[in-house]
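Everything below concerns the one structure shown next.
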Amino acid sequence: MDKIVSLCKRRGFIFQGSEIYGGLANTWDYGPYGVELKNNLKKAWWKTNVQERNDILGMDCAILMHPKVWEASGHVHNFFDMKSDCMNCKKRFKSADLKDDAKCPECGGQLTGARPFNLMFKTYQGPVEESGNEIYLRPETAQGMFVNFANIQDARHPKLPFGMAQIGKSFRNEITPGNFTFRTREFEQMEIEYFVNPKDAERALGEWIDSRFNWYLGLGIKPENLRKRQHGKDELAHYAHACMDVEYNFPFGWAELEGVANRADFDLKQHAQYSSKELQYFDDTTKEKFYPYIIEPSGGVDRAVLAFLIDAYHEEKVKEETRVVLKFNKELCPVKAAVLPLLRNRPEIVELAKNISADLKKSFTAVYDDTGSIGKLYRRQDEVGTLYCVTVDVQTLEDKQVTVRSRDTMLQERISIDQLKQYLINKLS
Ligand code: GAP
């Protein structure tokens with residue numbers, strides 16, 4: 001884990017948030033390569049789950065929602081962790097993590113008894129800070145989709161089964177965030193709410209579990225690092241009938257990447273009751289009216305990025321030196337090609353390399369880099385997982401060919417400049 005955290009900072013994937021002020025604990029900023037990786041991951045999710053399907057509609061809902069949403073959803077009354085405070089050092093702990101529930105694990109001081117702690121972030125809407133203006137930052141993106149159930153039916157008339165999908169930020173005042181970006185207070189979720197006839201719920205749950213599990217494998221996670229784990233009855237969220245986690249083998253142990261839950265008709269019924277709006281589905285074939293069940297695959301973007309970073313990390317010996325390479329698959333890798341001038345003091349070479357990179361950038365993510373010797377530049381590009389390095393040398397000025405080096409095989413080929421873009425596009429498709 002230390003190697004990943006250090007590589008992320010060194011190469012510009014992820015930085016500590018507010019670092020020049022000593023950092024704000026457990027906040028992280030995605031740098032130039034991190035944001036490309038994260039965007040590629042979100043694009044891949046959207047493509048599979050929205051664009052390639054006929055039955056899922058994309059959404060992008062507000063983070064701030066009517067306070068009644070969180071009463072109806074059960075979050076005001078049920079979204080708690082139990083916490084214990086140290087009476088000596090004042091540190092706060094999640095009670096479930098404590099080995100000894102009387103003694104502080106840090107200073108040995110006496111702990112308070114376990115007390116409920118609501119995980120929602122509260123703030124005020126408008127200029128007046130009074131209880132009537134209290135509002136929450138959403139702790140899950142799901143509710144934005146439930147409250148739009150009637151709008152979607154009116155606007156698009158979808159037939160069951162159908163779903164809504166959304167990617168967006170969520171906020172939880174976690175008692176014990178940690179393990180780099182694994183558990184933070186501000187994070188991004190990618191969620192699908194799939195509405196089904198209750199009699200089809202079990203089958204749909206099974207199909208979604210397999211579909212989500214296979215999505216991670218398809219993007220390159222090693223099978224031995226992925227597993228499914230069924231939730232015990234005592235672990236289930238207040239709204240869930242059943243839940244299966246997709247877990248990744250992180251350096252700190254197996255942990256949840258995504259949960260696939262059967263939320264049954266809890267949410268639509270609650271919102272119908274609290275809003276007094278009709279949120280049932282009318283089946284015009286059977287003329288039945290009912291609340292659909294909801295199958296919910298809910299994954300974390302930041303956790304997935306972390307898992308893909310860890311899974312891609314390789315060290316290998318090359319001529320007595322250690323080569324560090326991030327072996328992302330071609331869809332996720334942040335940069336597809338880097339154009340490097342062999343001699344940065346030769347203006348004709350530099351100009352040609354810049355022109356080539358400008359042309360490649362029109363078709364995929366490419367960078368130009370002349371900030372070191374060619375050996376150093378290759379090593380840097382390997383460390384961020386760049387698939388191809390294109391080198392412009394003296395010979396290029398004469399034969400109009402460049403050297404293309406593959407990240408994975410390290411083999412080099414001479415390719416003519418006018419065929420280069422198509423050559424790379426073929427490799428990337
Ligand atoms: N709508 C259902 C829901 O929110 P969840 O299991 O609480 O379910 C879903 O969260 C996913 O969101 C998790 O599998 C995880 O990937 C991500 N997630 C939840 N809390 C997180 C946190 N504090 N930091 C980072 N990711 C988190």
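Here is how the numbers come out for the structure above:
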read-out	value
In order through the range 268-284: 3J(HN,Hα) via Karplus (6.51 cos²θ - 1.76 cosθ + 1.60), integer Hz, x for Gly, Pro	5, 5, 4, 5, 4, 5, 6, 9, 6, 10, 6, 10, 8, 9, 9, 8, 7
Cα-based helix-to-principal-axis angle, 301-312 vs the chain, degrees rounded to 10	40 degrees
Under 30 Å between alpha carbons - lysine pairs in the range 146-235 that sit 8 or more apart or on different chains	8
Least to most buried among 89, 104, 243 (fewest other Cβ within 10 Å first)	89, 104, 243
Only Lys, Arg (+1) and Asp, Glu (-1) charged, at Cβ; the range 102-223 dipole about Cα centre in debye	280 debye
Relative contact order [Cα under 8 Å, 6+ residues apart], the chain, whole percent	13 percent
Prolate/oblate/rounded label for the range 34-89 (Cα gyration tensor, a/c 1.5)	oblate
Charge dipole (the chain, unit charges on Cβ, about Cα centre) - positive-most of 184, 147, 310	310
Integer Hz, Karplus 6.51/-1.76/1.60 couplings in order for the range 409-420, x for Gly and Pro	9, 6, 6, 10, 10, 8, 10, 6, 4, 6, 9, 4
Dipole-positive endmost among 35, 48, 237 within the chain (Cβ charges, Cα centre)	35
Nearest 10 degrees, 0 to 90: helix 32-46 Cα axis against the chain principal axis	60 degrees
Ascending count of other beta-carbon atoms within 10 Å, so fewest first, for 314, 75	314, 75
Over 25 Å between alpha carbons, listed pairs 9/42; 362/400; 47/376; 9/319	47/376; 9/319
Cβ-placed point charges (K, R +1; D, E -1), dipole of the range 335-428 about Cα centre in debye, nearest 20	260 debye
Cα-centred dipole magnitude for the range 164-225, charges only on beta-carbon of K, R (+1) and D, E (-1), debye, nearest 20	180 debye
Helix axis angle, 347-361 relative to the chain longest principal axis, alpha carbon, degrees	30 degrees
Cα-based equivalent ellipsoid of the range 335-428: semi-axis lengths in Å, sorted from largest, via gyration tensor	17, 16, 12
Cysteines without a disulfide-compatible neighbour (Cβ-Cβ under 4.7 Å), the chain	8, 61, 243, 333, 389
Neighbour-count order for 333, 61, fewest beta carbons within 10 angstrom listed first	61, 333
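Throughout, read-outs are computed from the coordinates displayed, never taken from laboratory work. Given the structure is predicted, the values throughout are model-derived calculations rather than measurements. We place every Cβ from the backbone using ideal geometry, glycine too, and count neighbours over all the protein chains shown.
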